[in-house]
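Asks: If you scroll down you'll find the structure; I have some questions about it.
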Amino acid sequence: LREPEHDTEKASIAKFFKDQLEGFRQLNKTNQIRSQTILLVGTGLFMVMASQVLNDALGVEIGFEPYQFGLIAAGMYLLASLSSQLVPIINVKITGIGILVLSTLFISITFIVSPLLGFVTGALALSIRWSMQSIFDGATSIIVNQNIESKFRATTISTLTLIKNIPYAFAAYFLGSVMENANVRSFNLWVGLSLLAVLTVTYIHERSTRTS
């Protein structure tokens, strides 16, 4: 028997930065890919905020008890998992960019209607948001797979995730402070309007780059 060869490449800080630099190069290698990266990062920032704090904060504000929200969250994760399986089917008719734009639009609507939500409608809105976030992630993978060579995809996705998370890491304290001193529903409304504005600007820029 022959012992299989081992991967001798070791993890290091230098390799981490080298990989992130390569991922950044891949995300900017053409004007079209750069414009799509701006769209992915601009909208993705809001997805990070939603999954890290806004979804849970809105659930508490609506009036869910911890055990109730735990059960609802389990159902939402299951629904999100099922929704993600629809992405390849939808992609037959709609491009990855189209899926991303539509899912972001639905998510922004769930933010904007937050001041109007009650117990049942709040659970419905959060379910839609979670499902659309899952579809958004699937669309992101489609866009990356279409633009990036297979040997660079894992690195590029890692870099994209890092870029989306860095602003949240710096703003997390500020977000918590704002929501503690302001109405969570109103804050969600302004997040939704901001997301809609970012989506509009970045999508128009992506389309103009695609057609130029």
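Asks: Looking at the stretch 8-91, what helices (runs of 4 or more DSSP H) fall wholly within it and have at least 3 residues that are over 16 Å from Phe106 (Cα atoms)?
Replies: Here the list reads 13-27, 31-49, 55-62, 66-84.
Asks: With the requirement that a residue be open to solvent by 20 Å² or more (accessible area, probe 1.4 Å) and under 20 Å from Ser134 (Cβ atoms), what does the stretch 25-54 give you?
Replies: Correct list: Val41, Leu45, Phe46, Met49, Ser51, Gln52, Val53.
Asks: Another question, then. I need a count of the residues in the stretch 152-178 that are of a type in the set (D, E, K, R) and either over 17 Å from the mean Cα position of the chain (by Cα) or farther than 24 Å from Leu58 by Cα (or both).
Replies: Total meeting the criteria: 1.
Asks: Suppose we keep only residues that are farther than 17 Å from Leu126 by Cβ and of a type in the set (A, V, I, L, M, F, W, C) within the stretch 179-191. Which one would you say is farthest from the chain's Cα centre (by Cα)?
Replies: Only one residue fits best here, namely Ala182.
Asks: A further question on this structure: Go through the stretch 63-80 residue by residue and tally those that are open to solvent by 20 Å² or more (accessible area, probe 1.4 Å) and touching a residue at least 24 places away in the same chain (Cβ under 8 Å). Even if it seems obvious, please write down each step before you answer.
Replies: Initially, the stretch 63-80 is screened for residues open to solvent by 20 Å² or more (accessible area, probe 1.4 Å), giving 63, 65-72, 74-75, 77-79.
Checking which are touching a residue at least 24 places away in the same chain (Cβ under 8 Å) leaves us with 63, 72, 75, 77, 79.
Total meeting the criteria: 5.
Asks: Determine, yes or no, whether Thr95 is more than 24 Å from Ser114 (Cα to Cα), open to solvent by 50 Å² or more (accessible area, probe 1.4 Å) and hydroxyl-bearing (Ser, Thr, Tyr).
Replies: yes
Asks: Please pick out the residue among Ile163, Ile97, Ile109 that is in contact with a helix residue (DSSP H, G or I) (Cβ under 6 Å, 6 or more places away or on another chain) and assigned to a helix (DSSP H, G or I). Let's see the steps before the verdict.
Replies: Numbers: Ile97 fails: in contact with a helix residue (DSSP H, G or I) (Cβ under 6 Å, 6 or more places away or on another chain); Ile109 fails: in contact with a helix residue (DSSP H, G or I) (Cβ under 6 Å, 6 or more places away or on another chain).
So the residue among Ile163, Ile97, Ile109 that is in contact with a helix residue (DSSP H, G or I) (Cβ under 6 Å, 6 or more places away or on another chain) and assigned to a helix (DSSP H, G or I) is Ile163.
The values are calculated or read from the model by the stated rules, or taken from the named source; none is laboratory data. Model, not experiment: these values are computed from the prediction. Every residue, glycine among them, receives a Cβ derived from its backbone with ideal geometry; neighbour counts consider all protein chains shown. For accessibility, only protein heavy atoms count, side chains too; no ligands or nucleic acids. Shrake-Rupley method; radii C 1.70, N 1.55, O 1.52, S 1.80 Å.
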